[in-house]
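Have a look at the structure below before the remarks.
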Amino acid sequence: MSLGTYFDQLEHDVLAAMRKPSKLYWAALAVSAAAFALGLGCWGWQIYEGLGMAGIRSPVGWGVYITDFVFWVGIAHSGTLISAVLFLFRAKFRCSFNRSAEAMTVIAVMTAGLFPLIHLGRCWFFYWLMPYPNQRHLWVNFRSPLIWDVFAVSTYFTISAVFFFVGLIPDLAIARRRFTGWRHWVFRILSLGWQGTAEQWKHYAWLYMFLAAFATPLVISVHSVVSWDFAMSVIPGWHTTIFAPYFVAGAIFSGTAMVITLVVPMRRILGLDTYITVDHFEAIAKILLFTSLIVSYSYIVEFVLAWYSGNPFEIAHFSFRAVGDYRYLYWLMLFCNGLLPLTLFVKRLRRNLKYLFVLSLFVNVGMWLERFVIIVTSLARDFDPYNWGNYAPRFGEIGITIGSFGMFFMLFLIFTKMLPVLAIAEVKEHSS
Amino acid sequence: MIREYKFDDKAAFLHQLEELVRSGVHPRRLTVTTPFHVHEVEHILHLRPSWLKLFTLIGAAAGLTAGFAFTVGTALDWPLRTGGKPIVALPTYIIVAFELTILFGGVISFLGFLFLSRFPDIPAIVSGTECGPEFIIREDTGEAV
């Protein structure tokens, strides 16, 4: 096949994915939209009733909402890893995943951004988080990790969105040529008049490299800042220096699992088997295995630090994690995040897409549980036994959590029909 | 008069481009469009490095300065001691300054890209000029049609 024919076929195949949706697609969209509607309904109910309808109360003031926030920020991270870090390392397999991963990042940050508002209860006061002087000319407390979060997450969203859009520009120009009607006009405007001249490509290449170079430390800083929401306090189980790298590795681990969860069915439904190959999945499975090992190592270090510190509160806390009231969640988390991914040492399993898909679901569950265990067990058993108390999420919180998954999958499904799901120009570059 | 060369093959395209430049055609009289970034084109046409890095540097420096100026300035504007920490707690402000460095650096780089590439190219959007999947060289021969 000549290069010209291949390019033509590639454009046709990738853009064919944006044509008329199948019944399966509509069914998936309907289920996601229904879950999202459930979440909105529960949030509306919470706004009407007040935060008391949720299970969070003293001593466990951070529950499922903060778990969801950390989970979704973590999911966002792998998008940047696959796009930016693998770009800087010139890993060719990234071009099969980077567009989906970047879209996943933007959507996951949007989802994550809702949870601080939901957790506020009176969400209409969200602007109190913003750095502006109040009526007494007092500013927000810049020494607080919660304010660092505002800066980190909003910067992350902005840079991820810019990175996503910049990567799309040459492909939007291709879509402009291939589509007719209203879509042609939308792509004509969005592609900014891209012609692919040498000058345009020159500036484009520099911009892409700079954005990748900015996004790489950003991805590390954002989840470090999220971890410091916990580590800056003195609560046993939270106050530890390992938190930043531990959270960053966990975020990349969970995000990689979510990429597999999304791309395995997407590849099948949209018929992209030729361009997203088993070799590509094997490469990403290796990242999953590698980050799983880092996360497992962190679990061990946490316990060793508590033991070696000789601090009775730390020792008591970690004993509670392992054998206390939340032990089933803890051991399930270890099974999903530490034990099960070890099977990826077997090459045959790394190349089995059905297995990878099921494994990625377990890892998603395990990583959600990890955040739940870290947040809830520490608050449930702090220094003073008179201040101990357990927490269980209520219906509204579960509904909002399901709604966040609904929102995430719904927006991702819409993305697959509105924009090219593969970086066409980049695939062309590698195949030439 | 514009003479147009179209190629499906990257190697043949680069060969032709090199031939044209070697034969004495000034790079300014050549317009090249490619379906993806071809590094060799910049060398053959002797294109100057992009000025984009200047935008990036200015953006990042502005973000860093703004981050520290903002946090230190507001702390000094109304000194309020909380949590036993110093009024100007520089280590904690590094986070804000770092994030703003990346935010300003990234956004100003993007704006610089739009400026240097003359985007959005309104005439191209209105006229609906397309770019195909081929490698194209357009040579302005300077002759009247």
Query raised in the report: B:ASP140 to B:ASP9: FRET efficiency via 1/(1 + (r/R0)^6), r the Cβ-Cβ distance, R0 25 Å, to the nearest 0.05?
Result: 0.60
Query - Residues of region A:283-327 with amide N under 20 Å of the 7 Å Cα→Cβ point at A:TYR386 - result: A:313
**Report entry** Choice from A:PRO341, A:PRO116, A:PRO21 with maximal GNM fluctuation in chain A (Cα, 10 Å cutoff)
**Finding:** A:PRO21
Requested in this report: Please find the FRET efficiency linking A:ILE47 to A:THR5, where r is the Cβ-Cβ separation and R0 is fixed at 51 Å, and quote it to the nearest 0.05.
Outcome: 0.35
Requested in this report: Quickly work out the A:LYS92-to-A:ILE235 label distance, labels modelled 7 Å from Cα along the C-beta direction, and quote it in nm with one decimal.
Outcome: 4.8 nm
**Report entry** Nearest-ten-degree value, helix A:243-269 long axis tilted from longest Cα axis of chain A
**Finding:** 40 degrees
Requested in this report: Kindly put A:HIS12, A:HIS184 in sequence by how many other C-beta atoms sit within 10 Å of each C-beta, fewest to most.
Outcome: A:HIS12, A:HIS184
Query raised in the report: Given the pairs A:LYS286/A:LYS354; A:LYS286/A:LYS417; A:LYS428/B:LYS53; A:LYS354/A:LYS417; A:LYS202/A:LYS417; A:LYS417/B:LYS10, which are separated by over 20 angstrom at their Cα positions?
Result: A:LYS286/A:LYS417; A:LYS428/B:LYS53; A:LYS354/A:LYS417; A:LYS202/A:LYS417; A:LYS417/B:LYS10
**Report entry** Extension gain (nm, one decimal) between A:ALA27 and A:TRP307, 0.36 nm per residue minus Cα-Cα
**Finding:** 95.7 nm
Query - Inter-label distance for A:VAL323 and A:ILE398, nm, one decimal - labels placed 7 Å from Cα along Cα-to-Cβ - result: 3.0 nm
Requested in this report: Mind pulling the angle between the C-alpha long axis of helix A:353-380 and the longest principal axis of chain A? Nearest 10 degrees, somewhere in 0 to 90.
Outcome: 30 degrees
Report task. Kindly write out, for region A:94-109 in residue order, the coupling ³J(HN,Hα) from the Karplus curve 6.51 cos²θ - 1.76 cosθ + 1.60 (θ = phi - 60°), rounded to whole Hz, with x marking Gly and Pro. Result -> 4, 5, 7, 10, 4, 5, 4, 5, 5, 4, 4, 4, 4, 5, 5, 5
Query raised in the report: Which is the longest part of chain A that has none of the chymotrypsin sites (Phe, Trp or Tyr not before Pro) sitting in a DSSP loop with at most 16 other Cβ atoms within 10 Å?
Result: A:90-382
Query raised in the report: Around A:PHE253, with a cut-off of 14 angstrom between Cβ atoms, what is the net charge of the other residues, counting Lys and Arg +1 and Asp and Glu -1?
Result: +1
**Report entry** Net charge over other residues, Cβ less than 12 angstrom from the Cβ of A:PHE412 (K, R count +1; D, E count -1)
**Finding:** +1
Report summary line: Once Lys and Arg are counted +1 and Asp and Glu -1 for all other residues with Cβ under 13 Å from that of A:ASP273, the total becomes 0
Query raised in the report: For region A:302-318, in order, what is each residue's ³J(HN,Hα) by Karplus, 6.51 cos²θ - 1.76 cosθ + 1.60 with θ = phi - 60°, in whole Hz (x at glycine and Pro)?
Result: 4, 5, 5, 4, 4, 5, 6, 5, x, 6, x, 5, 5, 4, 5, 5, 5
Query raised in the report: Which of the trypsin sites (Lys or Arg not before Pro) across region A:135-183 are loop residues per DSSP, with 16 or fewer other Cβ within 10 Å?
Result: A:ARG136
Report summary line: Between the residues A:PRO145, A:ILE402, A:SER83, the Cα farthest towards the positive end of the dipole of region A:3-431, that dipole coming from +1 and -1 charges on the beta-carbon of Lys, Arg, Asp and Glu, is from A:SER83
Query raised in the report: Using a simple spin-label model with points 7 Å from Cα along the Cα→Cβ vector, what separation in nm is obtained for B:THR65 and A:ILE315?
Result: 5.5 nm
Query raised in the report: Hey, what D do you get for region B:52-116 in µm²/s if you plug the Kirkwood alpha-carbon radius into Stokes-Einstein at 25 °C and 0.890 mPa s?
Result: 195 µm²/s
Report task. Round to a whole angstrom and tell me the spacing of the C-alpha centers of region A:265-322 and region A:108-122. Result -> 25 Å
Report task. Only Lys, Arg, Asp and Glu count, each charged at its Cβ (+1, +1, -1, -1), so figure out the dipole size of the protein assembly as shown about its Cα centre, rounded to 20 debye. Result -> 560 debye
Requested in this report: Compute the FRET efficiency between A:LEU339 and A:GLN135 as 1/(1 + (r/R0)^6), taking r as their Cβ-Cβ distance and R0 = 41 Å, and round to the nearest 0.05.
Outcome: 0.15
Requested in this report: Using all C-alpha to C-alpha distances in the protein assembly as shown, build P(r) with 10 Å bins and read off the rounded percent in each one.
Outcome: 3, 16, 25, 25, 17, 9, 4, 1, 0, 0
Query - Between helix B:52-77 and chain B: long-axis angle, C-alpha atoms, 0 to 90°, nearest 10 - result: 10 degrees
Report task. Using the Karplus curve 6.51 cos²θ - 1.76 cosθ + 1.60 with θ = phi - 60°, work out ³J(HN,Hα) for each residue of region A:401-409 in order, rounded to whole Hz, and write x for Gly and Pro. Result -> 5, 4, x, 5, 5, x, 4, 4, 5
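The numbers here are math on the coordinates, done by the rules we state, and not lab data. Nothing here was measured: the structure is a model prediction, and the numbers come from that model. Methodologically, a virtual Cβ is constructed for each residue, glycine included, from the backbone with ideal geometry; neighbour enumeration extends over all protein chains shown.
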